[in-house]
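Asker: Sharing a structure here in structure tokens format.
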Amino acid sequence: MKPSVFKKNPKSRETIDLSEAHGITRLLETRYDNVRAIQVLKNFAHDRDLSLAVTRLMDAYQDQARALEREAVRFRLKLPSKPPKDVKTSHELDIISDEFVYRTVVRDVQGDVFVLSRTVRTTTTNDRLRKLLCDFLR
């Protein structure tokens, strides 16, 4: 059997390039930042539906962070520091409205989608990683 340049060697170790490593780390940082922000903001949400929605979003971010952590460990990348388990506030501020909470969370999600789409575009050498990142967009 002749060797082919178009077939992958099944015994070769999975690799990533520098931009993909940076993308994993950057996505983990944004996930952690968004989880931390949601933890703080959900304490000020007065509407139960809004509180439920941001909690679901936080759960999705935490699931994605766990998947990215597994990838970082697989490729021996340094993990950024994790957010605290929970953030509680002792003061209730009336100046933070549900509209402010909503707008802040939406703005964070929009920024995160930009970072995620950029990372997907620059993930060119590892198809499995690109598929994982594309699944985050769904």
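Bear in mind these aren't lab numbers, they're just calculated from the coordinates by the rules spelled out. Given the structure is predicted, the values throughout are model-derived calculations rather than measurements. All Cβ positions, glycine included, derive from the backbone under ideal geometry; neighbour counts span all protein chains shown.
Asker: Go through region 13-23 residue by residue and tally those that are of a type outside the set (S, T, N, Q) and either surrounded by fewer than 16 Cβ atoms within 10 Å (Cβ to Cβ) or without any contact (Cβ under 8 Å) to a residue 60 or more places away in the chain (or both).
Answerer: Qualifying residue count for the region: 6.
Asker: List the residue pairs whose Cβ atoms are under 8 Å apart, where the first residue sits in region 99-126 and is under 11 Å from A37 (Cβ atoms), the second is basic (K, R) and not in a loop (DSSP other than H, G, I, E, B), and the two are 6 or more positions apart or on different chains.
Answerer: V101/K42; D112/R31
Asker: So if I check each of A67, A53, which one is part of a helix (DSSP H, G or I), under 11 Å from the mean Cα position of the chain (by Cα) and among the aliphatic types (A, V, I, L, M)?
Answerer: Unique residue meeting the criteria: A67.
Asker: Identify the residue in region 70-81 that is in contact with a helix residue (DSSP H, G or I) (Cβ under 6 Å, 6 or more places away or on another chain) and not in a helix (DSSP H, G or I) and, among all such residues, is surrounded by the fewest Cβ atoms within 10 Å (Cβ to Cβ).
Answerer: The extreme case among them is L79.
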